[in-house]
1. Glu88 versus (1) touching a Phe, Trp or Tyr at 6+ places or on another chain (Cβ under 8 Å); (2) touching a residue at least 60 places away in the same chain (Cβ under 8 Å): which is the lone unmet condition?
2. Could you list, in sequence order, all residues of the stretch 48-88 that are among the hydroxyl-bearing types (Ser, Thr, Tyr), in contact with a Ser or Thr (Cβ under 9 Å, 6 or more places away or on another chain) and either more than 21 Å from Gly107 (Cβ to Cβ) or modelled with pLDDT of 95 or more (or both)?
3. For Thr98, which of the numbered conditions (1) touching a Lys or Arg at 6+ places or on another chain (Cβ under 9 Å); (2) touching a residue at least 40 places away in the same chain (Cβ under 8 Å) fails to hold?
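The values are calculated or read from the model by the stated rules, or taken from the named source; none is laboratory data. Keep in mind the model is a prediction, meaning the values are calculated, not measured. Don't worry about glycine lacking a Cβ; one is built from the backbone with ideal geometry, like all the others, and counts go over all protein chains shown.
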Amino acid sequence: MASECQRERSDMQYQRRDRVGDLIRREIAHIIQYELKDPGIGFVTITAVEVSVDLKHAKIFYSVLGDEDSKKKSASALRRASGFIQHEIGRKLRLKYTPEIFFQYDGSVEYGAHIEELIQKIHTNERVDQNKLNQDGPPEDDPALNEHAKDR
């Protein structure tokens, strides 16, 4: 009986953490887009928020569209603005405790783009190989392919 109550309480805490994290993500995205005036921010996207069990700490994951210089400028601007952002979160969300926020760069978007690029290269190479095979015909030393060619 006690374990069932603990499980239920754990599920409720997990759901609350998710809801609070989602609210924080949306609010920070809004603050960055409409309220921050720092030109160093650049094209920042808030990708995820991880909130601690006690809701006192939040790790904010972000990505930046641009080169390495843009990423560095955005990281610096986010560090400078973190106090303001944290204050605004506390004012707008009205939580018992305003979570202390930490920004962390999220490289998963770039990694995904890199993987997509590799897949596209593989498909392009397969098409080139297939076109070359269609133009040249089957290799002379492959009897199975040559048998099929004769049947046509």
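1. Exception for Glu88: condition (1).
2. Listed by number, the list holds a single entry, Tyr62.
3. Against the list (1) touching a Lys or Arg at 6+ places or on another chain (Cβ under 9 Å); (2) touching a residue at least 40 places away in the same chain (Cβ under 8 Å), Thr98 comes up short only on (2).
Yes/no per residue for (1) surrounded by 12 or more Cβ atoms within 10 Å (Cβ to Cβ); (2) small (Gly, Ala, Ser); (3) in contact with a Pro (Cβ under 8 Å, 6 or more places away or on another chain); (4) in the same structural domain as Glu100 (by TED's automatic domain parsing):
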{"site": "Ile32", "(1), (2), (3), (4)": "yes, no, no, yes"}
{"site": "Leu36", "(1), (2), (3), (4)": "yes, no, no, yes"}
{"site": "Asp67", "(1), (2), (3), (4)": "no, no, no, yes"}
{"site": "Ser76", "(1), (2), (3), (4)": "yes, yes, no, yes"}
